[in-house]
């Protein structure tokens, strides 16, 4: 009987009007605070003659956080106010991070779409002067696809196998040395990798400028990203899966091939695509090793080539209205290229991910 009465008193205290009940801020209040903050931020920008809309937005964010805290503290309590302020700060940081990205993409699309057409994508710059309209980016697309493709064919197997060694087999001084050098390579500037290949491949061994030489420099930049991302994904695979496979008498190499890698294939693919996106936009190695070419060169092993980053740099340096339009259009093509790679990677990761079910 005593327990029943105690439970009833606790239940009564949790309903509206009970001892533990407290007021809640209406659901529409955060939206109202956000609208008020935007209005006040705009008014402040107009009153103080602030030319940058970015300043207006920062003022609105500060007002939104302060308004959220004050409103929550009045309607609820300080503990809830601190919680809502923390949530507001997270959203504010998200907005601050997304706005530059959105602005970059919007500006590139607005400026690059003007000159983007079938002729631009299927022709090179052969016979086109810097001040002339026309010309295309086909030779740069071919160069980028070949250089990035060759770099990926070399770097991905090396990076994935190195990560497998570090996670599944690596012990002792050798593993520590490999981890150290991977960390060092992660911070190498692209121009340093280009200078290394220039000194070793061209000046010492005597090979000529080519797309393959640029690919070798891109390999140096790509390997540490693939190793580090693959290593982290392999570490997330539960050890119970490995132990269950080994307990059934499956060899370790087959456990890695059939259990560990399929489980982590989604994250591994994403890491590889991040590495591809990183090297696809590199300009310094191309400037030093690929040397640029106005014409189409389908052979990456002989003769200079172009690439999308080099093409953007080249057209921007020319300084004419026509070259600026070509540069923006090529930048839009490069962004689309990276986005397509990411969508393909997500599709492959979802297709190859382990099927779950009851």
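The values are calculated or read from the model by the stated rules, or taken from the named source; none is laboratory data. Because the structure is a prediction, the values reported are computed rather than measured. Cβ coordinates were reconstructed from backbone atoms using ideal geometry, including for glycine residues, and neighbour counts include every protein chain displayed.
Across the stretch 123-143, which residue is farthest from residue 323 (Cα to Cα) among those that are at pLDDT 90 or above and out of contact with any strand residue (DSSP E or B) (no Cβ under 6 Å at 6 or more places or on another chain)?
Keep residues of the stretch 123-143 that are at pLDDT 90 or above, which gives 137-143.
Now restrict to residues that are out of contact with any strand residue (DSSP E or B) (no Cβ under 6 Å at 6 or more places or on another chain): 137-142.
Working: 137: 12, 138: 15, 139: 16, 140: 15, 141: 17, 142: 20 Å.
Within the stretch 123-143, the match that is farthest from residue 323 (Cα to Cα) is 142.
Residue 202 fulfils the conditions (1) under 30 Å from the mean Cα position of the chain (by Cα); (2) in contact (Cβ under 8 Å) with a residue 12 or more places away in the chain except for a single criterion, (1).
Of everything listed in (1) surrounded by fewer than 18 Cβ atoms within 10 Å (Cβ to Cβ); (2) within 18 Å of the chain's Cα centre (by Cα), the single unmet condition for residue 303 is (2).
With respect to residue 57, determine if the residue is over 30 Å from the mean Cα position of the chain (by Cα), more than 20 Å from residue 296 (Cα to Cα) and in a helix (DSSP H, G or I). Walk me through how you get there before you give the answer.
Values: over 30 Å from the mean Cα position of the chain (by Cα): no; more than 20 Å from residue 296 (Cα to Cα): yes; in a helix (DSSP H, G or I): yes.
Spelling it out, it is not the case that residue 57 is over 30 Å from the mean Cα position of the chain (by Cα), more than 20 Å from residue 296 (Cα to Cα) and in a helix (DSSP H, G or I).
Taking the condition in contact (Cβ under 8 Å) with a residue 12 or more places away in the chain, under 26 Å from residue 251 (Cα atoms), touching a helix residue (DSSP H, G or I) at 6+ places or on another chain (Cβ under 7 Å) and in a helix (DSSP H, G or I), does residue 158 pass? So residue 158 fits the description; yes.
The single condition from (1) on the phi < 0 side of the Ramachandran plot; (2) in a loop (DSSP other than H, G, I, E, B); (3) over 27 Å from the mean Cα position of the chain (by Cα) that residue 115 fails is (3). Screening the stretch 218-327 for helices (runs of 4 or more DSSP H) wholly inside it with 3 or more residues that are closer than 28 Å to residue 111 by Cβ, touching a residue at least 40 places away in the same chain (Cβ under 8 Å) and in contact with a helix residue (DSSP H, G or I) (Cβ under 8 Å, 6 or more places away or on another chain) returns the ranges 261-280, 308-318. In the stretch 241-253, is there at least one residue being surrounded by 21 or more Cβ atoms within 10 Å (Cβ to Cβ) and in the same structural domain as residue 157 (by TED's automatic domain parsing)? No, the stretch 241-253 contains no residue that is surrounded by 21 or more Cβ atoms within 10 Å (Cβ to Cβ) and in the same structural domain as residue 157 (by TED's automatic domain parsing). For the stretch 136-153, indicate whether the set of residues that are surrounded by 19 or more Cβ atoms within 10 Å (Cβ to Cβ) and more than 29 Å from residue 275 (Cβ to Cβ) is non-empty. No, the stretch 136-153 has no match at all. Within the stretch 173-192, the residues that satisfy the criterion of being in contact (Cβ under 8 Å) with a residue 60 or more places away in the chain and touching a helix residue (DSSP H, G or I) at 6+ places or on another chain (Cβ under 7 Å) are 190, 191. If you filter the stretch 206-217 down to residues that are touching a residue at least 24 places away in the same chain (Cβ under 8 Å) and outside any helix (DSSP H, G or I), you find that the one that is farthest from residue 279 (Cα to Cα) is 208.
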